[in-house]
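Colleague: Structure provided below as structure tokens; questions to follow.
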Amino acid sequence: MDLSRSAAWSALVSHKHKVETLHMREMFAADPERCNRFSIQWKGLLFDYSKNLVTPKTLELLMDLARQAGVEERRNAMFRGEAINFTENRSVLHTALRRPQGESMIVDGLDVPEAVAAVLHQIKEFTAKVISGEWKGYTGKRITDVVNIGIGGSDLGPCMVAESLKPFAHGSIKVHFVSNIDGTNIAETLKQLHAESTLFVVASKTFTTQETLTNAMSAREWFLNDAVQPEHIARHFVAVSTNRDKVQEFGIDVANMFGFWDWVGGRYSLWSAIGLSIALYLGFDAFMELLRGANAMDRHFTEEPIESNIPVILAMLGIWYNNFFDVHSHAVIPYDQYLHRFPAYLQQLDMESNGKRVDRLGKTVEYATGPVIWGEPGTNSQHAFFQLLHQGTGFIPADFLLPLKTQNPLGDHHDILAANCFAQTEALMKGKNEQEVREELMAAGLSDDTIAMLLPHKVFPGNRPTNSLVFNELDPFMLGALIAMYEHKVFVQGVVWQINSFDQWGVELGKQLAKVILPELQGGEEIDAHDCSTNALIEAYRAMRGQ
Ligand code: F6P
């Protein structure tokens, strides 16, 4: 099917011409039921999408597009374990990691629920031992610090969850995350630690990732400076991976390895043993609650008609702006300091999944795919980039997330936070027109000339779309649900764009070239194999370092 020439697509192109003449202010004024019409309540989550550039007809047409693209069929195929990641011939079954025990599902000869349950059991036993102090370091002291060494999906998920759920930590273990190959990351982390009470979790799906293995080697050296005896490594290094041979090759006892499977994509892996550092930090029960929240969202996604399906609506609104308004940027603004890594996590989830330029048939797409995802917590972001959101030349749709309950009740901080969150979505929607600005300036007693000069600068066009996601509390269940909601949003968009959201070949070229350049930086031969810019950069690096 040629997406951009399909009937559903064409209907949306014509419809957009009508909608772009409307202002949300007028749409709200004309329809007192607009908020009820365009919002969903689900298990303590209120999803209000009424402040979008949509009419009931828009939603109808967007759902036609979703149906035409086969969203429901492909969703069912994913949950059934079909190899929808066809470029790697893999199933996509991160949802099976959070499914309660039930019917068996065989994938590549593996009983998936049985295998998942076995690893969960291993995590449960291990975390209980470490947290209780039964698992001891080489001098007999308990473990007080866990360092997760991983990158991409083997870092961002666990790190974001640990940061988000800090108030739920049991408190006897601190967790640290080392990802960057920049030695500063591990050096600054190790400065805070003692080898005898530190446990390293080396997390890598492939166990071949240069950054992770280099950081793990440096951690090993640091540890051996202190512990001296290599046999002590077994009590201080565990691995999370799908690659048993490489774990063994690295020198980690496979008895201390937590496995997962190639049908768990890196950016979808926090639900697997990659979540080990989460379980160590929060306790196993909180980790299970996270899984339960995600599973509840999976059920909503699979059971709810697409018209009232939160991830589907989020996805189709994103497509509305990306493909019909040519807006290729999407902001995520959590009004919760604990969610400060959430936008970074979503960047990998969304941009690594849907940053694709060919469709499933390998044909270059004739429409935009994944947008740029970015954001920072409110209210800091208000004092940084909101100027552009309000008065920049284009609009950027944004998701606003807010918990109703704060983990830190302190005076009226939370009311002020919430007031700002709601006020920003109202301001972005309403704007301030010329007449309102004029009246305000006149009331301030300004002269006609000053008013004429200031007026255009003070007008806010408004009509800028936002989604509000307001939830009771940022607890493990709700966080699990929110993450799964975004996973499914990304999935639906990938289906509509007819791309494979589950591979990431685009990250390979740079990795390969870095392997070529590394020996050149360290050697003394003349550099002429690259373009003149790259040659000059390598030469300059060597000259400045006195090589
Ligand atoms: O380079 C991208 C990537 O492959 C991500 O998809 C992945 O999450 C990350 O690297 C880390 O990979 P691994 O877990 O195999 O070390």
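Colleague: Can you pull out the residues in the range 393-436 that are β-branched (V, I, T) and in contact (Cβ under 8 Å) with a residue 40 or more places away in the chain?
Modeller: Listed by number, the residues that qualify are I396, T425.
Colleague: Could you list, in sequence order, all residues of the range 288-300 that are open to solvent by less than 20 Å² (accessible area, probe 1.4 Å) and over 18 Å from the mean Cα position of the chain (by Cα)?
Modeller: A296, H300 - these are the residues of the range 288-300 that are open to solvent by less than 20 Å² (accessible area, probe 1.4 Å) and over 18 Å from the mean Cα position of the chain (by Cα).
Colleague: Just the residues that are open to solvent by 70 Å² or more (accessible area, probe 1.4 Å) and polar (S, T, N, Q), please, taken from the range 90-112.
Modeller: Q101, S104 - these are the residues of the range 90-112 that are open to solvent by 70 Å² or more (accessible area, probe 1.4 Å) and polar (S, T, N, Q).
Colleague: Being at pLDDT 95 or above, within 16 Å of the ligand (Cβ to nearest atom) and either open to solvent by 50 Å² or more (accessible area, probe 1.4 Å) or part of a strand (DSSP E or B) (or both) narrows it down to one of T139, T87, so name that one. Quick ask: steps written out before the conclusion?
Modeller: Numbers: T139 fails: within 16 Å of the ligand (Cβ to nearest atom).
Just one listed residue meets the conditions, T87.
Colleague: I need every pair where a residue in the range 528-547 that is of a type in the set (D, E, K, R) has its Cβ under 8 Å from the Cβ of a residue that is outside any loop (DSSP other than H, G, I, E, B), sequence separation at least 6 or different chains.
Modeller: Hits for this filter: D528/N535; R542/L521.
Colleague: Go through the range 301-315 and report how many residues are of a type in the set (G, A, S) and over 18 Å from the mean Cα position of the chain (by Cα).
Modeller: Residues of the range 301-315 of a type in the set (G, A, S): 308, 315.
So of that shortlist, the ones also over 18 Å from the mean Cα position of the chain (by Cα) come out as 308.
Residues that pass the stated criteria total 1.
Colleague: Within the range 39-62, is there a residue that is touching a residue at least 60 places away in the same chain (Cβ under 8 Å) and under 30 Å from S104 (Cβ atoms)?
Modeller: yes
Colleague: Assess whether L474 counts as being open to solvent by less than 60 Å² (accessible area, probe 1.4 Å), more than 16 Å from the ligand (Cβ to nearest atom) and in a helix (DSSP H, G or I).
Modeller: Details: open to solvent by less than 60 Å² (accessible area, probe 1.4 Å): yes; more than 16 Å from the ligand (Cβ to nearest atom): yes; in a helix (DSSP H, G or I): no.
Judged against the criteria, L474 is not a match.
Colleague: A further question follows. For the subset of the range 142-170 comprising residues that are buried (at least 16 other Cβ atoms within 10 Å of the Cβ) and charged (D, E, K, R), which member is nearest to the ligand (Cβ to nearest atom)?
Modeller: So the residue we want is D155.
Colleague: Being touching a residue at least 60 places away in the same chain (Cβ under 8 Å), more than 13 Å from the ligand (Cβ to nearest atom) and either aromatic (F, W, Y) or open to solvent by 60 Å² or more (accessible area, probe 1.4 Å) (or both) is the filter here; which residues of the range 497-513 pass it?
Modeller: Matches in the range 497-513: W497 only.
Colleague: Only strands (runs of 3 or more DSSP E) wholly contained in the range 180-276 count here; list those with 2 or more residues that are over 27 Å from the mean Cα position of the chain (by Cα) and more than 15 Å from the ligand (Cβ to nearest atom).
Modeller: Details: elements: 198-203, 237-241, 257-259.
Passing ranges: none, list empty.
The values are calculated or read from the model by the stated rules, or taken from the named source; none is laboratory data. Just so we're clear, the structure is a prediction, and the values are computed from it rather than from any experiment. Positions of Cβ are generated from backbone atoms using ideal geometry, with glycine treated the same way; all protein chains shown enter the neighbour counts. With ligands, DNA and RNA removed, areas are computed over all heavy atoms of the protein, side chains included. Shrake-Rupley method; radii C 1.70, N 1.55, O 1.52, S 1.80 Å.
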